[in-house]
1. Out of curiosity, is A370 farther than 29 Å from F120 by Cβ, without any contact (Cβ under 8 Å) to a residue 12 or more places away in the chain, aliphatic (A, V, I, L, M) and open to solvent by 10 Å² or more (accessible area, probe 1.4 Å)?
2. So, of the residues in region 373-419 that are in contact with a strand residue (DSSP E or B) (Cβ under 6 Å, 6 or more places away or on another chain) and part of a helix (DSSP H, G or I), which turns out to be surrounded by the most Cβ atoms within 10 Å (Cβ to Cβ)?
3. Among the helices (runs of 4 or more DSSP H) confined wholly to region 197-274, which include 3 or more residues that are more than 30 Å from H174 (Cα to Cα) and touching a helix residue (DSSP H, G or I) at 6+ places or on another chain (Cβ under 8 Å)?
4. When you go through (1) at pLDDT 85 or above; (2) open to solvent by 20 Å² or more (accessible area, probe 1.4 Å) one by one for F116, which number turns out not to apply?
5. If I filter region 119-169 down to residues being basic (K, R) and closer than 23 Å to G330 by Cα, which single residue comes out as least open to solvent (accessible area, probe 1.4 Å)?
6. Considering every residue within region 164-173, establish whether at least one is of a type in the set (A, V, I, L, M), over 21 Å from G55 (Cβ atoms) and over 29 Å from the mean Cα position of the chain (by Cα).
7. What are the residue pairs meeting all of these: first residue in region 5-16, first residue among the polar types (S, T, N, Q), second residue surrounded by 18 or more Cβ atoms within 10 Å (Cβ to Cβ) and part of a strand (DSSP E or B), Cβ atoms under 7 Å, and 6 or more apart or on different chains?
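The values are calculated or read from the model by the stated rules, or taken from the named source; none is laboratory data. Source: prediction; values computed, not measured. No Cβ is skipped: glycine too gets one built from the backbone with ideal geometry, and neighbour counts run over all protein chains shown. Each accessible area value is taken on the protein alone, full model and side chains, heavy atoms only, with ligands, DNA and RNA left out. Shrake-Rupley method; radii C 1.70, N 1.55, O 1.52, S 1.80 Å.
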Amino acid sequence: MKKQGCEIEAIGINYTIYTQGKGSDQGQKTSPKIKQVLRDVNLRAKPWEILAIVGPSGAGKSSLLEILAGKIALQSASIYINRQPLDKSRFKKVSGYVTQRDTLFPLLTVEETLRFSAKFRLRLPDHELDSRVKSLMKELGLDHVAGARVGDDRVRGISGGEKRRVSIGVEVIHDPKVLILDEPTSGLDSISALQIIDMLKSMAENRGRTVILSIHQPGFRIVKLFNSILLLANGSVLHHGSVDLLSLNLSLMGLEIPLHVNVIEFAIESIETIKQSQDSLPIQQHPNKGVVVEEGRKRTGSSTLQQLFQQSRVVDEEYVDVIGFDFYHGFANSRIRETLILTHRFWKNIYRTKELFACRTIQMLVSGIALGSIFYNVKDDLFGAEERIGLFAFILTFLLSSTTEALPIFLQEKEILTKETSSGSYRVSSYAIANGLVYLPFLLILSILFAIPVYWLVGLNHSFMAFLHFLLLIWLILYTANSVVVCFSALVPDFIIGNSVIQAVMGSFFLFSGYFVSKQGIPDYWIFMHYISLFKYPFEGFLINEFSGSKKCLDSMFGACLITGEDLLKEEGYGNEHSRWRNYVIMVGFILVYRFVSYFILRCKCSGTGIRGFLY
């Protein structure tokens with residue numbers, strides 16, 4: 001009877017990148033140079049085993065893992081899963097890829113992190129899903145910290161070793177047949193590192209997983225847990241086989257391993273000697289030079305990995321299932337369910353982010369009261385009209401430029417989004433919809449807290465319907481600012497650049513809003529900025545709401561009214577009551593445009609194929 005498992009074979013992996021060189025004179029850049037990261041790399045990883053990729057820094061370990069995980073497009077290679085060509089869309093359903101950096105939400109608990117991952121990737125009833133999560137936490141040794149937050153540099157949370165186990169748990173919640181890890185012991189102490197590798201060994205042996213990992217300097221006890229190792233140096237394979245065979249080869253080369261130094265560490269230190277020794281062998285004339293394989297040694301004394309693949313196909317048929325892919329090919333959830341799950345997760349993060357929820361809430365309430373007290377009971381005359389216009393301009397500036405504190409959160413979400421969508425957890429469109437929906441009630445609460453004290457303390461239009469229009473404008477302004485931040489967070493790489501770009505854009509929009517320079521005074525070649533300004537339409541909306549239909553007399557003489565609010569609107573060219581809804585529609589249009597642009601950018605980045613990936 002055949003046992004299910006995934007055997008991975010890779011033949012002739014070559015990978016090159018272009019690097020920008022510098023000239024000798026004052027650091028001038030020269031033409032791009034080609035760097036060969038990987039050269040004719042062959043490997044084989046079997047189920048129930050751990051294959052460790054070792055080598056010095058810059059050897060190409062991470063690039064090799066990214067190619068195997070499908071994160072980097074193949075340039076020149078043949079990769080087979082159970083003797084069938086690699087299908088990326090199907091392989092990502094049966095595999096998990098753990099990056100060197102723990103990309104997790106710091107404010108979620110361990111159990112919540114694993115449960116959300118399970119909801120995204122499994123089609124199970126709630127009781128079965130909860131059972132799967134609890135069983136996995138017990139297997140990972142995380143049941144004692146299930147209710148603790150993950151944490152990061154700012155938020156106190158679990159330890160580094162526990163955090164690494166959570167990252168592994170996120171990638172194995174759907175019980176993948178292949179698990180690829182990039183330096184899972186990086187940054188951990190020796191005890192935590194041993195626990196991680198021992199846990200991976202148990203996963204391989206108990207669940208029949210194919211585990212492939214890279215590691216820099218493994219200890220004695222960790223080395224004993226590896227079934228096979230791949231020694232890389234400058235992108236070339238120097239050894240592929242067991243640790244015992246590596247010790248034998250080093251002895252045959254006349255290299256004696258010192259006491260208290262493990263064989264892998266000694267091999268990495270002796271790379272130049274190994275290269276010189278292998279260069280003198282006739283086998284190096286073969287294109288797959290430098291590959292030494294245990295089974296081949298047993299048969300002929302030396303053999304290439306490609307020959308070994310052909311020789312061992314018949315033997316492996318007894319324990320490797322030929323197909324091995326019993327996972328569904330699409331997404332685990334419908335678009336609506338994905339949106340609901342993402343909205344739930346978004347809300348937990350917003351509620352627990354003090355800078356975004358508690359501080360922002362207090363800020364809006366205090367600002368509303370402060371502005372209301374400063375502009376308290378403004379008179380209904382020309383001087384009062386000028387004060388009202390100044391108040392509206394300040395409100396716009398304050399609301400549109402005070403939302404950048406959410407930028408770091410969006411940047412963090414983008415990194416997690418890229419990881420989760422690349423593994424097929426959910427659609428980018430579901431993320432975009434959920435991101436848009438979750439902030440609506442939160443921003444409405446902020447709008448109410450700000451609008452009530454400002455409106456009634458200042459003594460704006462006493463009509464309750466006018467107050468509702470004012471509240472709607474505040475809500476749309478906050479949502480527009482939020483959409484702009486979402487859009488630019490998808491575009492920029494970090495907070496410093498994002499903050500600079502957003503402030504520059506907002507400043508430009510305010511300049512052309514019509515407050516500093518009227519529409520008639522703007523040069524023709526800059527007039528387009530007036531019409532795309534985010535400040536123009538809400539500013540007009542405030543003025544129309546305050547002066548249109550209010551029958552306020554701003555200036556009178558001998559009992560006769562000379563200037564009304566309607567006259568002021570006509571003089572400045574702001575339209576009348578009929579322009580109110582046009583402004584609302586345009587503001588909603590701006591929101592939709594910025595949201596769609598952010599979705600477009602994220603879709604292109606997550607697909608890894610740019611605009612072509614979005615269109616096709």
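1. Judged against the criteria, A370 is a match.
2. Here the answer is A385.
3. Filter on region 197-274 gives 243-252, 263-269.
4. For F116, the failing item is (2).
5. The qualifying residue least open to solvent (accessible area, probe 1.4 Å) is R121.
6. no
7. So the pair list comes out as N14/L38; N14/R39; N14/D40; N14/A77; T16/V37.
Residues are listed down the side, and each one gets a yes or a no for (1) surrounded by fewer than 21 Cβ atoms within 10 Å (Cβ to Cβ); (2) farther than 19 Å from I532 by Cα; (3) over 21 Å from the mean Cα position of the chain (by Cα):
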{"position": "G459", "(1), (2), (3)": "yes, yes, yes"}
{"position": "M465", "(1), (2), (3)": "yes, yes, yes"}
{"position": "A481", "(1), (2), (3)": "no, no, yes"}
{"position": "S489", "(1), (2), (3)": "no, yes, no"}
{"position": "K519", "(1), (2), (3)": "yes, no, yes"}
